[in-house]
Structures are given as C-alpha cells and as structure tokens.
Amino acid sequence: MRDAEIRQLRDLIGQSVRIHGWLYNSRSSGKLRFLVVRDGSGYLQSVVFKPGVEERVWDEAGRATQESSLWVTGRVKEDPRSPGGVELEVADLGIVSLCPEYPITPKEHGPDFLLNNRHLWLRSKRQHAIMRVRNELVFGIRDFFYQRNYVNIDSPILTPAACEGTSTLFETDYFGEKAFLSQSGQLYLEPAAAAHGKVYCFGPTFRAEKSKTRRHLMEFWMVEPEVAWMRFPELLDLAEEFVSSLVARVLDRCKHELEWLERDVSKLEPAASRPYPRIDYGDAITKLQGLGYEAKFGDDFGGDEETALSDDSGKPTMITRYPAAIKAFYMEPDADDPARALAVDVIAPEGYGEIIGGSERIGSYDLLEQRIREHNLPREAFEWYLDVRRYGGFPHSGFGMGIERVVSWMCGLQHLREAIPYPRMLNRLYP
RNA sequence: UCCGCAGUAGCUCAAUGGUAGAGCAUCCGGCUGUUAACCGGAGGGUUGGGGGUUCGAGCCCCUCCUGCGGAGCCA
C-alpha cells in the first residue's frame, strides 16, 4: 500500500493506494456511497459498495460529513462515469477528524458571507483554481526576469516618506517616528539599477485610498522592473513582451484551471502574441471625443474611458505620452514636447482596467530637483533619491504591474477580491 | 467622501399594511452508478439596532449600523 496524491492516479490504474484528504461532497444510493475526496492536488470520486466492504467501513462512509478529514484506501480504476475519468474502489476508510456542520455548502452564497469565511472559501474548487493561476503567474514573472538576467532586489515595506504623496499612505509608529507602508518599490529600485543594471522587485504594496470598486484593494502585489540605460521605446517593447509571454504561459499551463473557471480563452488568446495596439494620449483624447465623451487634453481617464479606448481584439492597449502634469514627478519629459511625459499605461481588455503604469525616469539632477520643488515634496526626504542622479546619473526606465488585476483578467473574475488569498478591502480586515 | 441598492432560518431567497414560507444545509428513513443526485419525514425565526405612524408593521416614515454596486483615485 502506497500513499499517493490524487493528481498521480491517472498513472496508477489498477494499483492500491491510500489517499489523505477532506470530504468535498458525498452522495448515496442504497448500497452505494460516492465520496468525493479532495487533497489539494485534485478531486477523487471514491466508491463504497456495501457488499464489498466490512460493515465498519460502510458505516464510517455514512458518518463522514462535508470537509471531514479522512483517509481512504482502495484500487484505482478507470471509469467514464466518474468526474475526471478515474475513481477509487474503496477497501478501507478512516475519519481523522469529523467536521461539524460546514458553513460553505455546495449551494450559492453571497460575497459578504464568503469573505467572512475566506479561510474556508479557499478550499472551494473555484478559489482553488484561481490560486493555481496566481501561482503560475508569479512563477512566470520570476522566470521571465531570471532568464533575462535581471536581479531580484526587494524594496522595503516600512518607509520614512511617501513616494508619490502622503494622503493615501497607511501610517504606523516606528519607535516614536512616523513610518508608512510602501505604496511602490520604485524609488528604492532605481539605486539598485545603478548597481546591477537590470533589477526588479516583487512584493506587497499598500494604498489607503477609500476605493470601493471591483478593481481596487488596500493591499496588493506589484512587480516592478527597473532597467539602466533603457529608453522609452524599449520600455514599451519590454512591457509588451512581458505581458504577452505571461498570458501564453498561463494559457499553456493552466488549461484545467481556466476550464473550471469557465474562462472563455478565445478572449485571452490574442493577448499571447505581439504586437499590442499603441495609442498616443493626444489621439486617445480625440478618439474619446469622437465617441461622445467630454474629454480634453490634460484629463486622466476614468474606468469607462479606459474601456472605450481598449481594443476589442482582445489585446491590451498601450496609451503613451501622457501630460506631465497628471503624472508622477520623476517621469522624464518628452524631448519633442516637454508638456508630455514619457509615460505608458497598459490597459487590459474586457474592462479589466490599467494593469501596468510605467515611464522613463528623469536622468538629470537639476530637473529632478526642480520637480521635487514644484510638487512641494520634502527635499530632505529625497536626498538619497537625488544621489542616484548626483553620483553618475543615467537614463533608465521601468514599470509596475499589479498582480491581482492580471489574475482577475486571466481568470475572468467579476471582482479583484478573489485574486488574492486574503483580500484587504475598505472595512474588511478579517480573517 | 458622494450617488444608488439591500439587510427575513446556518446559507440563498419568498411573503397586497392582516396567521412569517421554500430550497439547500442538519437529524431520521428509503434507493446497486450518483454527477450541486433523488424521494419521504422532523427540528430550526426577537424579520440588522433604536424611535415613530396605525386597530394592526417584515412591508410605511425618521435615524443609526452593516454589506453590495458605482464615482473620484489608482495597479
């Protein structure tokens, strides 16, 4: 008798195995009991036939409640009537821990109830599939950069001052000093780019914005590459190559998960290949005006406008060269039009919104110093950041990509809250 | 912060201002191939809190709380 994971059973037809897991669901029909066991690696229909087992085994099978932890032994058998095509002919069974009435029944539930039970909700099939996709995406991101000789340099979570203004930061006490939870690792990454050339960070970021939409979380994960000597056109190529390769990877390796999620992959497939449509900010305004929006130069885009601008081909849309006035202080101005910043936003299709924001960074010490003044930022807090220009300034570019928005898009989710194991939202800090 | 919607059994939802119900879950019983199985039975309620109108309020009015959807802001 060998222990096995459910995912391996297809290769163990005819053999006797023992499975440890939890009872996902059970059905009975007279002298037959069907126990669907899950072990994290898959789901297994285990069949208990009354005349074929000891009475003790039959009774245990009847006593097991939803989500009771248990082990089953038996012979692995191919059977087209079983979901998955493989089932277990149960020989013996033992309940490890009997589960009292489990809150999440195999019927519909509302979001409030499910979020209050997030720690249990993670066991559900759909949530299981989403976390698998997230896992593949995260590994794909690291693999992408590793293969291109980027060095992972993680930024601090506790920071002394704001990256882009203090109003949206979570504040905490740091031995009598004020500290803030990071809302971006970028400023810390730029010095590292001077050390290693090509770097990236990947970690949680925090925004105290009182946002209540399907596209916002208080705590979300962001991956941010930063590349020395990279100029704006190459940055656009990098973002495009990055996103398209990740889509291709998930489509290739998460077929089952996307199937469980009933994701229409035909809407995702176009995003796996390059190029992506690119539109200049000025042309975007013109396009919006043509569609009847009251957009004018200098406006940022709302959710509806982003959706209107995104291509209906299923590819993300890259919007370039935003007005400098509505973008961050550290962005390099366009040499042809200093009112514009060399900035890009990548908008996911199907209304999933902005997944990437990036830019070429200001390389000049004097200009950066001027921008810090213009934005009324505390000069002393940015001395170290100015050092990146003071000691061997160099052109460099980078972007940030929000992981949950990408997971949400790939999985076709209605809301970002399912894309992260424990979502932190307005008025929700439990579990 | 603003606009809109909602809160009834453990869960998802019904109920003209006039006796609070169903499905699922739980417990008991039945069924030799079920696919969120099915069939029969049982238990389960201070209708979010407070105040008001009325002979009578789950339903109407005021207020507070909680949640949902959206706006703004952003990834």
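The values are calculated or read from the model by the stated rules, or taken from the named source; none is laboratory data. Every value quoted in this text rests on a predicted model; they were computed, and no experiment measured them. Cβ sites come from the backbone with ideal geometry, for glycine too, and all protein chains shown count toward neighbours. These accessible areas exclude ligands, DNA and RNA; they are computed on the full protein's heavy atoms, side chains included. Shrake-Rupley method; radii C 1.70, N 1.55, O 1.52, S 1.80 Å.
I need the GluC sites (Glu not before Pro) found in the range A:232-293, filtered to DSSP loop residues with at most 14 other beta carbons within 10 Å of theirs.
Within the range A:232-293, the qualifying GluC sites (Glu not before Pro) (loop, at most 14 other Cβ atoms within 10 Å) are A:GLU262.
Give A:LYS296/A:LYS327; A:LYS267/A:LYS315; A:LYS50/A:LYS77; A:LYS212/A:LYS296 a once-over and call out the pairs whose C-alpha atoms are over 20 Å from each other.
Where the Cα-Cα span goes over 20 Å, the pairs concerned are A:LYS212/A:LYS296.
Starting from the Cα of A:LYS255, draw a straight line to each of the aspartates and glutamates and keep only those under 13 Å, dropping any in the same chain fewer than 8 residues away.
A:GLU136, A:ASP264, A:GLU269
If I fit a long axis through the Cα atoms of helix A:186-196 and take the longest principal axis of the Cα atoms of chain A, what angle between them do I get, 0 to 90°, rounded to 10?
For A:186-196 against chain A, the angle is about 90 degrees.
Per residue, how much accessible surface does the range A:264-410 expose to a 1.4 Å probe? Answer in Å², no decimals.
Here the per-residue accessible area is 41 Å².
Test of the criteria: in the range A:289-357, which GluC sites (Glu not before Pro) are in a DSSP loop and have at most 10 other Cβ atoms within 10 angstrom of their Cβ?
A:GLU294
So how tilted is helix A:125-147 from the main axis of chain A? Cα-based, degrees 0 to 90, rounded to 10.
50 degrees
With springs only between Cα atoms under 10 Å, which of A:ARG389, A:ARG215, A:ARG148 fluctuates most in a Gaussian network model of chain A?
Per the Cα network of chain A with a 10 Å cutoff, A:ARG148 tops the list.
Per DSSP helix of 4 or more residues, -39500 (n - 2.57); summed, then divided by the residues of chain A. What does that give at 222 nm, rounded to the nearest 500?
Helix-only estimate at 222 nm: -8500 deg cm²/dmol.
Please report, as a whole percent, how much of the solvent-accessible surface of chain A comes from carbon and sulfur atoms (probe radius 1.4 Å).
Answer for chain A: carbon and sulfur cover 50 percent of the accessible area.
Which three numbers, in whole Å and largest first, are the semi-axes of the equivalent ellipsoid of the range A:177-234 derived from its Cα gyration tensor as √(5λ)?
Here the semi-axes work out to 26, 15, 9 Å.
Report the GluC sites (Glu not before Pro) located in the range A:13-72 that are in a DSSP loop and have at most 11 other Cβ atoms inside 10 Å of their Cβ, or state none.
Loop-located and lightly packed - A:GLU54.
Give me the accessible area per residue for the range A:133-229, probe 1.4 Å, as a whole number in Å².
50 Å²
Could you give me D for the range A:95-234, from Stokes-Einstein at 20 °C and 1.002 mPa s, where the hydrodynamic radius is the Kirkwood radius over C-alpha pairs? Units µm² s⁻¹, please.
Here the translational diffusion coefficient equals 117 µm²/s.
Semi-axes of the equivalent ellipsoid for chain A, please: Cα gyration tensor eigenvalues, times 5, square-rooted, ordered largest first, whole Å.
Equivalent ellipsoid semi-axes, largest first: 50, 23, 20 Å.
Comparing A:ILE157, A:ILE95, A:ILE347, which has the greatest mean-square fluctuation in the GNM of chain A with Cα pairs linked when under 10 Å apart?
A:ILE95
Alpha carbon centre of the range A:186-216 versus the range A:343-360: separation in Å?
The range A:186-216 and the range A:343-360 have Cα centres separated by 15 Å.
Comparing A:LYS287, A:LYS31, A:LYS125, which has the greatest mean-square fluctuation in the GNM of chain A with Cα pairs linked when under 10 Å apart?
Result for chain A, Cα springs under 10 Å: A:LYS31 fluctuates most.
List the aspartates and glutamates whose Cα lies under 15 Å from the Cα of A:LYS125, skipping any in the same chain that are fewer than 8 positions away.
A:ASP39, A:GLU67, A:GLU108, A:GLU257, A:GLU259, A:GLU262, A:GLU418
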